[in-house]
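As structure tokens, the structure follows; a few thoughts come after it.
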């Protein structure tokens, strides 16, 4: 199973399955779920710019909101950690650990300073 991105489109096995309102900057794949970050410069909806999408293109979850240091504090990076969870790094220097299948916060926010 192969996911890929091009601009604002998410592909699964070469077929567009989801088009977002702005460019996708990061893609992390867990089993049959793609986790994406939307461009933090142009995503102006809120600070929750991380989404979990299944291979049929359904948005399964959007990352939970929490109080941020700055009004505009979107997520800027994601990575898989040793426990098979996702670490999401925020513009304000904090990070959270989330369950990749639900998007729920399991730890944090953890201050990066």
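The values are calculated or read from the model by the stated rules, or taken from the named source; none is laboratory data. No experiment lies behind these values; they were computed from the predicted model shown. Cβ coordinates were reconstructed from backbone atoms using ideal geometry, including for glycine residues, and neighbour counts include every protein chain displayed.
For this structure, a couple of remarks:
- Flag for residue 62 being under 10 Å from the mean Cα position of the chain (by Cα), surrounded by fewer than 17 Cβ atoms within 10 Å (Cβ to Cβ) and closer than 25 Å to residue 16 by Cβ: yes
- Verdict on residue 29 being outside any loop (DSSP other than H, G, I, E, B), buried (at least 19 other Cβ atoms within 10 Å of the Cβ) and in contact with a strand residue (DSSP E or B) (Cβ under 7 Å, 6 or more places away or on another chain): no
- Any hit, the range 39-49, residues being crowded, with 17+ Cβ neighbours inside 10 Å, part of a strand (DSSP E or B) and in contact with a strand residue (DSSP E or B) (Cβ under 8 Å, 6 or more places away or on another chain): no
- On the stretch given as the range 85-113, residues that are without any contact (Cβ under 8 Å) to a residue 24 or more places away in the chain and assigned to a loop (DSSP other than H, G, I, E, B) total 5.
- Being under 9 Å from the mean Cα position of the chain (by Cα), touching a residue at least 60 places away in the same chain (Cβ under 8 Å) and in a strand (DSSP E or B) is not true of residue 78.
- Residue in the range 14-26 that is under 15 Å from the mean Cα position of the chain (by Cα), at pLDDT 90 or above and closer than 25 Å to residue 111 by Cα present: yes
- Test result for residue 60, at pLDDT 90 or above, in a strand (DSSP E or B) and within 13 Å of residue 33 (Cβ to Cβ): yes
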